[in-house]
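Here it is, the structure in full.
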Amino acid sequence: QQQVKQSPQSLIVQKGGISIINCAYENTAFDYFPWYQQFPGKGPALLIAIRPDVSEKKEGRFTISFNKSAKQFSLHIMDSQPGDSATYFCAASKEYGGSQGNLIFGKGTKLSVKP
Amino acid sequence: GAGVSQSPSNKVTEKGKDVELRCDPISGHTALYWYRQRLGQGLEFLIYFQGNSAPDKSGLPSDRFSAERTGESVSTLTIQRTQQEDSAVYLCASSFGQTTDTQYFGPGTRLTVL
């Protein structure tokens with residue numbers, strides 16, 4: 001059972017464009033939703049995260065939009081740059097109950113930003 | 001400061017051999033996680049340590065997989081009688097210990113089972 005579904009699998013965007021990656025989750029107990037960025041040969045690094053008490057969080061060019069009723073969240077990268085080319089993973093975890101802190105990852109989106 | 005380190009960076013082994021993968025977390029981080037990343041896939045949770053104890057081993061795929069942590073520091077993931085399907089990148093992450101604290105990942109160990 002895939003608890004976090006991510007799309008698209010790959011994305012090509014022109015420099016300066018907006019990159020949008022979507023995720024949907026099933027478990028309503030999830031209450032922490034981070035996005036990770038991974039460059040080839042490196043471990044994932046936290047990019048931005050959101051809790052369900054807000055609908056949007058912005059950090060620089062990166063914005064998370066969160067729709068609790070639809071159980072969906074998305075990452076928007078504004079003014080995309082070639083240096084943003086990487087694989088992006090959405091994830092979810094729950095603070096209480098079992099599996100505390102264990103991140104459930106989407107399958108990833110490979111973003112290529114063309115100059 | 002130093003980040004999470006893992007060794008070896010690459011490991012090639014023959015089917016049926018045992019392998020040990022090591023993780024050195026960030027100093028002071030009480031929580032440590034192991035994940036597996038198969039080619040083109042997302043990360044799969046394997047096991048979680050809080051201090052030296054493992055309250056959640058639910059992600060270990062079989063009894064050939066085991067892990068331990070000593071001194072609230074170094075952790076070792078052991079895979080016995082390796083199979084070709086064990087080929088993956090094994091990632092370790094650590095955090096201060098609260099469930100939503102940022103997990104910092106190491107660079108991973110790429111395991112290839114021939």
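The values are calculated or read from the model by the stated rules, or taken from the named source; none is laboratory data. All values derive from a computational prediction rather than experimental measurement. Here the Cβ positions follow ideal geometry from the backbone for every residue, glycine too, while neighbour counts run over all protein chains shown. In case anyone asks, the SASA skips ligands and DNA or RNA and just uses the protein heavy atoms, side chains included. Shrake-Rupley method; radii C 1.70, N 1.55, O 1.52, S 1.80 Å.
Determine, from the Cβ-Cβ distance of A:Ser55 and A:Ser7 and an R0 of 30 Å, the FRET efficiency 1/(1 + (r/R0)^6), rounded to the nearest 0.05.
Details: r = 20 Å, r/R0 = 0.68.
Taking R0 as 30 Å, the efficiency between A:Ser55 and A:Ser7 is 0.90.
Using only atoms on other chains, find how many Cβ atoms lie within 10 Å of each Cβ of peptide A:83-90 and report the average.
Working: counts 0, 0, 0, 0, 2, 0, 3, 1.
If you average over the peptide's residues, the count of other-chain Cβ atoms is 1.
Dipole magnitude of chain A about its Cα centre, charges +1 at Lys/Arg Cβ and -1 at Asp/Glu Cβ only, in debye to the nearest 20? If you can, show how the numbers build up before the last one.
Details: 13 positive and 8 negative charges, 56 e Å.
Dipole of chain A, to the nearest 20 debye: 260 debye.
Let me ask you something else. Keeping all protein chains in the complex and leaving out DNA, RNA and ligands, what accessible area do you get for A:Glu56 with a 1.4 Å probe, in Å² to the nearest 10?
Estimated to the nearest 10 Å², A:Glu56 gives 120 Å².
Given a Förster distance of 22 angstrom, what is the FRET efficiency for B:Ser87 paired with B:Asn52, based on the Cβ-Cβ distance and rounded to 0.05? The partial results should precede the final answer.
On the way: r = 29 Å, r/R0 = 1.32.
Taking R0 as 22 Å, the efficiency between B:Ser87 and B:Asn52 is 0.15.
Next question, about the same structure. So how strong a dipole does the stretch B:1-104 carry about its Cα centre when Lys and Arg Cβ are +1 and Asp and Glu Cβ are -1, to the nearest 20 debye? Show your work: numbers first, answer last.
Numbers: 10 positive and 12 negative charges, 48 e Å.
Value, rounded to 20: 220 debye.
In the full protein assembly as shown, how much of B:Ser62 is accessible to a 1.4 Å probe, in Å² to the nearest 10?
Probe radius 1.4 Å; accessible area of B:Ser62 about 40 Å².
What does the charge count near B:Leu32 come to, summing +1 for each Lys or Arg and -1 for each Asp or Glu among other residues with Cβ under 14 Å from its Cβ?
Working: positive: B:Arg22, B:Lys57, B:Arg69; negative: B:Asp24, B:Asp56, B:Glu68, B:Glu72, B:Asp101.
Residues near B:Leu32 contribute -2 overall.
Take peptide B:28-37, look around each residue's Cβ out to 10 angstrom, count Cβ atoms belonging to other protein chains, and average those counts. Could the numbers behind the result be given before it?
Working: counts 0, 0, 0, 2, 0, 3, 0, 5, 0, 6.
Per-residue shielding by partner chains comes out at 2.
Now, a different point. Percent of accessible area on chain B owned by carbon and sulfur, 1.4 Å probe? Walk me through the numbers on the way to the answer.
On the way: 2370 of 5320 Å².
Result for chain B: 45 percent of the exposed heavy-atom area is carbon or sulfur.
Can you tell which of B:Pro55, B:Thr30, B:Ala93 lies farthest toward the positive end of the dipole of chain B, using +1 and -1 charges on the Cβ of basic and acidic side chains (Lys, Arg; Asp, Glu)?
My answer, from the dipole projection, is B:Ala93.
Which one of A:Phe30, A:Val113, A:Thr87 is farthest out on the positive end of the charge dipole of chain A, using unit charges on Cβ (Lys, Arg +1; Asp, Glu -1) and the Cα centre as origin?
The residue sitting most towards the positive pole is A:Val113.
In nm, give the distance between the simple-model label positions of A:Thr28 and A:Asp79, each being 7 Å from the Cα along the Cα-to-Cβ direction.
4.1
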